[in-house]
Amino acid sequence: MSDPLGLVSNNSNQGVAGIGAKGPGVPANGRNATGGADFKTDLMNQIAEVDRLQQNAEQVKIDAVTGEASLDQVIVATETADTAFRMLLAVRNKLVDAYDEVKNVRV
């Protein structure tokens with residue numbers, strides 16, 4: 001999976017603890033950290049990628065039954081789809097935990 005927030009970068013102008021040269025709150029890729037559209041778009045792209053991997057795994061299983069794919073290909077496609085899904089599930093759980101924590105903050 002890619003880095004949807006742009007916090008991991010190979011830029012040499014990055015400061016200590018992931019704070020870019022432009023200051024805290026501005027990712028190294030230059031996108032505005034307060035704009036929710038970029039995160040939403042990236043998250044939706046990651047969901048679509050996981051879906052594509054799962055569909056590919058199903059197609060490889062079908063191909064194995066017809067003799068067009070080997071058992072190794074089935075295992076690799078299935079494990080790749082499973083790993084991607086588990087990563088997406090972990091991100092979802094972290095987002096739900098963060099939402100619950102913000103919801104319980106007293107003003």
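Quick notes
- Candidate set from region 91-107 (those that are among the basic types (Lys, Arg) and exposed (fewer than 10 other Cβ atoms within 10 Å of the Cβ)); member that is farthest from residue 39 (Cα to Cα): 106
- Selection count, region 65-78, where residues are touching a helix residue (DSSP H, G or I) at 6+ places or on another chain (Cβ under 9 Å) and closer than 26 Å to residue 47 by Cβ: 6
- Restricting attention to region 50-62 and to residues that are surrounded by 14 or more Cβ atoms within 10 Å (Cβ to Cβ) and not aliphatic (A, V, I, L, M), the residue that is farthest from residue 86 (Cα to Cα) turns out to be 61.
- Residues that are loosely packed, with under 10 Cβ neighbours inside 10 Å and not in a helix (DSSP H, G or I) within region 67-90 comprise just one, 67.
The numbers here are math on the coordinates, done by the rules we state, and not lab data. Treat the numbers as computed from the prediction; the structure is a model and nothing was measured. With ideal geometry, Cβ positions are generated from the backbone for all residues, glycine too; neighbour counts draw on all protein chains shown.
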